[in-house]
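Here the structure comes first, spelled out in structure tokens, and everything after it is commentary.
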């Protein structure tokens, strides 16, 4: 009888410890999330701090030509992300929009990173409608393989509907189990709607152009960090 009561109390104590451990983990995750959000707010008016943090995540010593760090977010041990815009910081140091170019990057210890995950990094509503597929392939650099798949698409940003070309990028580091993915979008230049030259300009030197993708990603070294 005494042994039965002892086992019940031991079982209850084990359950209590498990509940406390789960609560402690939830609190720890919440603290990390809050610190990350707080740091993001602190750095939002400091372009130099944003660029430093973006370079820490993306690797390399420079950002892709013509792009600026709009946001850089870190949740230690969980995920990290960067948002680049082609609009330079304003007088207050902030960047709250993009004109014709946008790059989203995320790395995570979880499962596959989807396009929706990347779009959710934008501080407002951002949707992508897929159009005709274009080019796909892979780039091989030292210690990394970059897969890409490009297509036409429409990026819906608030009340704006932007036609353009995008590339979904996957960064496979040979000595890391982290999932790394990016999305590069560029709009079609303005001009007559039926003008084929608008699309020629978008396809050459943009996300569907292998040489342009190679040049764009040459500034990044996520496997070296």
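Please indicate, with yes or no, whether at least one residue in segment 29-37 is at pLDDT 90 or above, surrounded by 12 or more Cβ atoms within 10 Å (Cβ to Cβ) and assigned to a helix (DSSP H, G or I). No, that holds for no residue. Within the span defined as segment 132-143, every residue fails to be closer than 24 Å to residue 60 by Cα, touching a strand residue (DSSP E or B) at 6+ places or on another chain (Cβ under 7 Å) and surrounded by 18 or more Cβ atoms within 10 Å (Cβ to Cβ). Considering 119, 134, the condition of being in the same structural domain as residue 188 (by TED's automatic domain parsing), in contact (Cβ under 8 Å) with a residue 60 or more places away in the chain and out of contact with any helix residue (DSSP H, G or I) (no Cβ under 9 Å at 6 or more places or on another chain) is satisfied by 119 alone. Any idea how many residues of segment 73-100 are more than 28 Å from residue 189 (Cα to Cα) and either free of Cβ contacts under 8 Å to residues at least 40 places away in the same chain or not assigned by TED's automatic domain parsing to the domain that holds residue 124 (or both)? Number satisfying all stated conditions: 3.
A count restricted to segment 70-94 and to residues that are assigned to a strand (DSSP E or B) and out of contact with any strand residue (DSSP E or B) (no Cβ under 6 Å at 6 or more places or on another chain) stands at 1. Residue count for segment 144-166, restricted to those that are surrounded by fewer than 11 Cβ atoms within 10 Å (Cβ to Cβ) and either in a strand (DSSP E or B) or touching a residue at least 24 places away in the same chain (Cβ under 8 Å) (or both): 2.
Looking across 104, 118, 55, 63, one residue alone is in a loop (DSSP other than H, G, I, E, B) and modelled with pLDDT of 90 or more. It is 63. Look at residue 184 and say whether it is modelled with pLDDT under 90 and crowded, with 17+ Cβ neighbours inside 10 Å. Criteria not met by residue 184.
Scanning segment 65-94 for residues that are touching a helix residue (DSSP H, G or I) at 6+ places or on another chain (Cβ under 8 Å), surrounded by 15 or more Cβ atoms within 10 Å (Cβ to Cβ) and more than 19 Å from residue 173 (Cβ to Cβ) turns up 68, 69, 70, 71, 72, 73, 75, 84, 89. The set of residues in segment 121-136 that are part of a loop (DSSP other than H, G, I, E, B) and within 17 Å of residue 181 (Cα to Cα) comprises 121, 122.
The values are calculated or read from the model by the stated rules, or taken from the named source; none is laboratory data. Note that the structure is a prediction, hence the values are computed from the model and not measured. Please note: Cβ atoms are built from the backbone with ideal geometry, for glycine as well, and neighbour counts cover all protein chains shown.
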